[in-house]
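Everything below concerns the one structure shown next.
The values are calculated or read from the model by the stated rules, or taken from the named source; none is laboratory data. If you're wondering where the values come from, they're calculated on a predicted model, not measured in any experiment. Cβ coordinates were reconstructed from backbone atoms using ideal geometry, including for glycine residues, and neighbour counts include every protein chain displayed. When the accessible area is computed, the model is the full protein with side chains, heavy atoms only, and any ligands, DNA or RNA have been set aside. Shrake-Rupley method; radii C 1.70, N 1.55, O 1.52, S 1.80 Å.
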Amino acid sequence: MTVTQASSTFQRILDHSSRADPYPLYAELRRTPVARQEDGGYIVSTYREITALLHDPHVSSDTDNLHDPGPSVAIRGDSPAFIGLDPPQHDRLRRMAMRYFGPPHSPTLIDDMRPDLNAIVTNLIDNLVSKDEIDVVDDFAYPFPVTVICHLLGVPREDEPRFHGWVEAIVALLDFNPATDPEDRMREGVRAREDLRAYLAELLESRRGRPPGNDLLSRLANDDGPDGRMTDEEIVSTANLLLIAGHETTVNLITNGALTLLRHPDVLERLRREPGMIVRTVEELLRYEPPVQLILWRAAYSDLTVAGTTIPKGSRITLVLASGNRDPSYFRDPDRFDPDRRDNQHLGFGGGVHLCFGAPLARLETQIALNELFRNLESPRLVADPPPYRQSAVLRGPRHLLVRQE
């Protein structure tokens with residue numbers, strides 16, 4: 001296969017003007033499943049090729065294995081969380097964190113949270129039902145997962161104004177675009193990452209010498225499981241990852257879901273009559289409007305041949321998950337929102353050893369949020385379509401979503 005320069009299409013995807021509807025550009029990308037960029041990186045945009053690379057042990061998540069790490073070095077930092085590491089380091093840290101987050105040691109943790117999740121949602125909705133107009137993001141989709149992840153980690157909820165700005169600056173790092181982004185944005189993001197880590201280190205220190213509480217930070221600080229104890233740096237990196245990923249992606253999933261359902265009133269009406277269909281509705285949302293659109297950096301451990309194209313060792317690989325989710329060679333009628341879709345093996349949570357750590361919680365949060373929101377709103381309708389979008393092309397979702405009710 002001829003190596004194709006596709007940077008112009010990818011640059012248009014990164015441009016904010018494409019944020020409301022990047023899907024025609026993804027279709028353009030898929031004409032060349034593995035496309036070389038002008039800077040030597042490779043973009044992979046088709047379902048089968050993305051899936052193969054997510055499971056390929058010759059593909060590294062550690063950007064130290066890139067020939068030209070570029071801005072990823074500053075973004076990764078000196079002590080990356082397990083999402084930026086390979087086995088066996090990745091496996092050890094993920095296993096230690098999972099001891100208190102899910103199977104096999106805490107298999108009922110997420111399901112046992114259902115009453116608390118319902119109570120948080122009910123409290124938020126009680127403040128919405130009397131309003132003529134609401135912002136789904138600010139009034140509902142943001143405060144819900146933030147409250148949940150703060151509780152799980154042991155981060156004081158009242159500190160949200162303190163860490164919100166840091167998280168915004170850190171997320172902006174993921175959209176580093178040398179063609180348009182000033183260097184001061186990079187410096188601001190790196191500084192925010194250090195400030196957030198210092199804040200989490202203070203919280204960790206406060207857990208020392210006290211009886212372990214039920215929060216994850218306390219448990220990790222006092223854990224002596226079969227893998228030993230995490231270092232303080234490892235605990236802070238893990239907490240940093242979970243705090244950001246634990247709400248940023250879910251905010252977008254809930255908001256993208258509300259927007260999609262309001263654009264499909266027939267599905268919304270069915271959902272109100274059949275609340276049990278929320279499970280497959282959320283799975284279809286993860287395919288149709290995934291909150292994580294791109295994995296920006298993977299590294300080839302060795303020369304790889306994918307779809308007839310050789311990717312040299314050390315090359316940067318970008319996986320366009322949202323494009324794979326709309327690949328017509330795998331999904332029938334992929335641009336149609338269809339909660340009745342069968343065998344929906346979407347890429348909404350990635351795949352392989354790095355399959356989203358918080359996927360079970362994000363699923364349950366979104367199921368409860370959308371069912372309860374639309375069960376309580378009266379004749380909701382969009383104020384603006386498309387809504388204004390956040391800057392990020394990686395974590396894509398509306399900045400605000402105004403909805404008016406009768």
Filter result (in contact with a helix residue (DSSP H, G or I) (Cβ under 7 Å, 6 or more places away or on another chain), modelled with pLDDT of 90 or more and in a loop (DSSP other than H, G, I, E, B)) within segment 86-106: Pro87
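Within the group Ile125, Ile149, which residue is in contact (Cβ under 8 Å) with a residue 40 or more places away in the chain and closer than 21 Å to Leu216 by Cα? Can you show your working first?
Numbers: Ile125 fails: closer than 21 Å to Leu216 by Cα.
Only one candidate passes the filter, namely Ile149.
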Counting only residues that are in contact (Cβ under 8 Å) with a residue 40 or more places away in the chain and closer than 16 Å to Tyr199 by Cα, which one in segment 160-172 is most open to solvent (accessible area, probe 1.4 Å)? Ile170
Do we find that Asp184 is in a helix (DSSP H, G or I) and either among the β-branched types (Val, Ile, Thr) or surrounded by fewer than 13 Cβ atoms within 10 Å (Cβ to Cβ) (or both) in this structure? yes
Residue selected from segment 338-355 under the condition in contact (Cβ under 8 Å) with a residue 40 or more places away in the chain and of a type in the set (Asp, Glu), by the criterion surrounded by the most Cβ atoms within 10 Å (Cβ to Cβ): Asp338
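So how many residues does segment 311-343 have that are of a type outside the set (D, E, K, R) and within 22 Å of Pro265 (Cα to Cα)? So that I can check it myself, show each step before the final result.
Taking segment 311-343 and keeping what is of a type outside the set (D, E, K, R), we get 311-312, 314-315, 317-325, 328-331, 334, 337, 339.
Remaining after also requiring within 22 Å of Pro265 (Cα to Cα): 334, 337, 339.
Summing the residues that are of a type outside the set (D, E, K, R) and within 22 Å of Pro265 (Cα to Cα) in segment 311-343 gives 3.
Is there a residue in segment 195-218 that is closer than 30 Å to Thr9 by Cβ and open to solvent by 30 Å² or more (accessible area, probe 1.4 Å)?
We begin by selecting, within segment 195-218, every residue closer than 30 Å to Thr9 by Cβ; these are none.
The answer is no, given that none of the residues of segment 195-218 is closer than 30 Å to Thr9 by Cβ and open to solvent by 30 Å² or more (accessible area, probe 1.4 Å).
Which ones in segment 237-291 are outside any helix (DSSP H, G or I), in contact (Cβ under 8 Å) with a residue 12 or more places away in the chain and surrounded by fewer than 22 Cβ atoms within 10 Å (Cβ to Cβ)? Outline the logic, then answer.
Taking segment 237-291 first, the residues outside any helix (DSSP H, G or I) are 264, 274, 289-291.
Now narrow it down to the ones that are in contact (Cβ under 8 Å) with a residue 12 or more places away in the chain: 264, 289-291.
Once the filter is applied, which keeps residues that are outside any helix (DSSP H, G or I), in contact (Cβ under 8 Å) with a residue 12 or more places away in the chain and surrounded by fewer than 22 Cβ atoms within 10 Å (Cβ to Cβ), segment 237-291 yields only His264.
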Failed condition for Asp340, given (1) within 20 Å of the chain's Cα centre (by Cα); (2) outside any helix (DSSP H, G or I), with all others met? (1)
Number of positions in segment 51-61 that are open to solvent by 20 Å² or more (accessible area, probe 1.4 Å) and part of a loop (DSSP other than H, G, I, E, B): 4
Exactly one of (1) open to solvent by 10 Å² or more (accessible area, probe 1.4 Å); (2) within 30 Å of Gly40 (Cα to Cα) is unmet by Ala322. Its number? (1)
Counted residues in segment 343-353 being in a loop (DSSP other than H, G, I, E, B) and touching a Pro at 6+ places or on another chain (Cβ under 9 Å) come to 4
Within segment 127-146, which residues are of a type outside the set (Gly, Ala, Ser), open to solvent by less than 40 Å² (accessible area, probe 1.4 Å) and either in a helix (DSSP H, G or I) or in contact with a Gly (Cβ under 7 Å, 6 or more places away or on another chain) (or both)? Val136, Val137, Phe140, Pro143, Phe144, Pro145, Val146
Over 26 Å from the mean Cα position of the chain (by Cα) and surrounded by fewer than 20 Cβ atoms within 10 Å (Cβ to Cβ): does that describe Asp223? yes
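Among the listed residues Asp385, Asp327, Asp335, which satisfies the condition of being acidic (Asp, Glu), touching a residue at least 60 places away in the same chain (Cβ under 8 Å), crowded, with 19+ Cβ neighbours inside 10 Å and in a loop (DSSP other than H, G, I, E, B)? Working first, answer last.
Numbers: Asp385 fails: crowded, with 19+ Cβ neighbours inside 10 Å; Asp335 fails: crowded, with 19+ Cβ neighbours inside 10 Å.
When all the criteria are applied, what remains is Asp327.
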Please verify whether segment 105-117 includes one or more residues that are open to solvent by 30 Å² or more (accessible area, probe 1.4 Å), more than 24 Å from Cys356 (Cβ to Cβ) and either polar (S, T, N, Q) or touching a residue at least 12 places away in the same chain (Cβ under 8 Å) (or both). no
